[in-house]
Amino acid sequence: MPKNVQKLIYIFLTGFCCLFVNACDTDSAATAIQNTAVYSVKAQTVQIRDVIQSFSLNGRVYAYARADVRPQVSGVVKERLFVEGSLVKKGEPLYQIDDALYKA
């Protein structure tokens, strides 16, 4: 048997013997029962009542989807052709740009 296993067995047997010897001592058990202190316990009756719950929490709200509108050409915007917050379709014009620069 390896030495580590023998050491563990000896430690286990020694601890078991100590517990067995202490359990056989009846005088200490009787004195322990006699020496217990008496504690006073307070009781309170439960009352039903309304409780106002209020919380003050700080937070920020962000949209789960976001679309950025970026121009593909430069120029002066003459008119906006959509209503903000409305749905637009693919290919639909969004702005009217001054075309004087492009006519030249």
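The values are calculated or read from the model by the stated rules, or taken from the named source; none is laboratory data. Quick caveat: nothing in here was measured; it's all calculated off a predicted structure. Here Cβ is always computed from backbone atoms with ideal geometry, including for glycine, and neighbour counts include all displayed protein chains. Just the protein is used for accessible areas: all its heavy atoms, side chains included, with ligands, DNA and RNA removed. Shrake-Rupley method; radii C 1.70, N 1.55, O 1.52, S 1.80 Å.
A few points about this structure:
- Selection of the stretch 48-75 for residues being open to solvent by less than 100 Å² (accessible area, probe 1.4 Å) and of a type in the set (A, V, I, L, M, F, W, C) yields Ala63, Ala65, Ala67, Val69, Val73.
- Residue identified as open to solvent by 100 Å² or more (accessible area, probe 1.4 Å) and in contact with an Asp or Glu (Cβ under 7 Å, 6 or more places away or on another chain) among Lys90, Lys78, Lys103: Lys78
- Within the stretch 72-104, the residues that satisfy the criterion of being of a type outside the set (A, V, I, L, M, F, W, C) and within 44 Å of the chain's Cα centre (by Cα) are Glu84, Gly85, Ser86, Lys89, Lys90.
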